[in-house]
Structure formats: structure tokens, C-alpha cells
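Enquirer: Below: one structure in C-alpha cells.
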Amino acid sequence: MASEQDSRLKLIESRVKAFPDFPKKGILFRDICPILKDPEALSAVTSVFEEYVRDKFKQVDLVVGLDARGFLFGPLLAQRLGVGFVLVRKKGKLPGATVSVAYDLEYGKAEAEIQADAVSPGQKVILIDDLLATGGTLFAACALMNQLKADVLGCLVVVELKDLNGADKLKPHPVYSLLQYE
């Protein structure tokens, strides 16, 4: 099974494109869009996440996807796990009563929100996004889950930029990343 996972991870990594100096000079941007246009690579992402979740957690009630690329991977994983999918959005994008949290970005502040009735107290949730950099957005999503009294089992990301130490900000919640870059 390890060799099957290794081949899946190699396929996923082969689809990530690097763009130097985007969005500004000195940044090496890791683009996951080619994964989305390759059905085999997209299935590989979902399969590796599914195997990890089934191996590590006895019960998962919901997959929570972060705006916006968590919306691409989260519903596929939720479907495979046979659980629901919930959105964490940027402020002002969801109807009805919401719960929000403000957080810091490298370049300013932002707010994330979730519908107030999206998660029930005690539900076991997995958070998912495409990228972990400094950890601000996932940290905010964890804070939202805490406000709703959900149990955050862990955070899943396709790409982790290790040198930015985002996983440290998310402790004690475990982070599982498919690809790591310095």
C-alpha cells in the first residue's frame, strides 16, 4: 500500500507548477490548478486524504472547507467518507445568522465566517484547504469551530510551505499535508 501511496503522491507533485516571482518578486508560487484538470491526479488527492482520515480517526461527522480552494477538495472527500460538507467563507458571503472571527494576514486583516447552524456542538470535524503558509486562515477556521464547540480532529492541506511554520500556529491540531516545500 505504501508504494501505491508513493505513486499517488508523485503524480500529485508532478502536477503542481511553480511560478517564480508571483504574485510579487521573491515569491515562488505553487499552483495546484493542474491537479484539478487531471482526473487521475484529483482522484489521487482524494484517495490519499481518505486513507489518512480513515486510518487516523474513528469517527468524522463533517468536512469543513475553507474559502475558496478548500471547496474544491472538501466535497470530494466528504462524499468518499459519507459525511456532510460545510463552508467557511470570507465575511459577508453567507446568508442567515453567522459566526465570524477576525484574523491577521501578512498584509492586513480579514474575517472568516460560518453559518451559525452549520456545525453542532460535539461534532467531529476535519478542516481542509489547498495550502498552508503562515496558518492564519486555518487558525481562524479552528477558532470558528471552537466557538461552535465542535471537535477539530485535524487539518488537511495539499501543499505546506514548511519554512513559514504555519503548522506551529495550529497546535494542538494535527496537520497532514500531501506535499511539503521549504
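The values are calculated or read from the model by the stated rules, or taken from the named source; none is laboratory data. This is a predicted model, so every value here is computed, not measured. For neighbour counting, all protein chains shown are included, and Cβ atoms are generated from backbone atoms with ideal geometry for every residue, glycine included.
Enquirer: Within the stretch 126-140, how many residues are touching a residue at least 40 places away in the same chain (Cβ under 8 Å), closer than 19 Å to Gln180 by Cα and either surrounded by fewer than 20 Cβ atoms within 10 Å (Cβ to Cβ) or hydrophobic (A, V, I, L, M, F, W, C) (or both)?
Expert: The number of residues fulfilling the criteria is 5.
Enquirer: May I ask you to say which residue of Phe49, Phe57, Phe73, Phe85 is in contact with a strand residue (DSSP E or B) (Cβ under 7 Å, 6 or more places away or on another chain), aromatic (Phe, Trp, Tyr), closer than 16 Å to Met145 by Cβ and surrounded by 18 or more Cβ atoms within 10 Å (Cβ to Cβ)?
Expert: Of the residues listed, the single one that is in contact with a strand residue (DSSP E or B) (Cβ under 7 Å, 6 or more places away or on another chain), aromatic (Phe, Trp, Tyr), closer than 16 Å to Met145 by Cβ and surrounded by 18 or more Cβ atoms within 10 Å (Cβ to Cβ) is Phe85.
Enquirer: Would it be correct to say that Leu72 is within 20 Å of Leu156 (Cα to Cα) and touching a residue at least 60 places away in the same chain (Cβ under 8 Å)?
Expert: So Leu72 fails the test.
Enquirer: Any residue at all in the stretch 111-118 that is on the phi > 0 side of the Ramachandran plot and of a type in the set (Gly, Ala, Ser)?
Expert: No, there is no match, as no residue in the stretch 111-118 is on the phi > 0 side of the Ramachandran plot and of a type in the set (Gly, Ala, Ser).
Enquirer: Restricting the search to the stretch 17-74, which residues are of a type in the set (Gly, Ala, Ser) and over 19 Å from the mean Cα position of the chain (by Cα)?
Expert: Those that are of a type in the set (Gly, Ala, Ser) and over 19 Å from the mean Cα position of the chain (by Cα): Ala18, Gly26.
Enquirer: If we keep just the residues of the stretch 141-182 that are under 15 Å from Asp104 (Cα atoms) and in contact (Cβ under 8 Å) with a residue 40 or more places away in the chain, which is surrounded by the fewest Cβ atoms within 10 Å (Cβ to Cβ)?
Expert: That would be Ala143.
Enquirer: Among the residues of the stretch 150-163, is any of a type in the set (Gly, Ala, Ser), modelled with pLDDT of 95 or more and in a strand (DSSP E or B)?
Expert: yes
Enquirer: Right, another one. For residues in the stretch 8-21 being surrounded by 12 or more Cβ atoms within 10 Å (Cβ to Cβ) and not aliphatic (A, V, I, L, M), which is nearest to Glu51 (Cα to Cα)?
Expert: Residue satisfying both the conditions and the ranking: Arg8.
Enquirer: With the structure loaded, tell me whether Ser100 is more than 19 Å from Gln123 (Cα to Cα) and hydroxyl-bearing (Ser, Thr, Tyr) or whether it fails that test.
Expert: No; evaluated as a whole, the condition is false for this residue.
Enquirer: Can you tell me which residues in the stretch 23-56 are without any contact (Cβ under 8 Å) to a residue 40 or more places away in the chain, under 19 Å from Ala133 (Cβ atoms) and charged (D, E, K, R)?
Expert: Lys24, Lys25, Asp31 - these are the residues of the stretch 23-56 that are without any contact (Cβ under 8 Å) to a residue 40 or more places away in the chain, under 19 Å from Ala133 (Cβ atoms) and charged (D, E, K, R).
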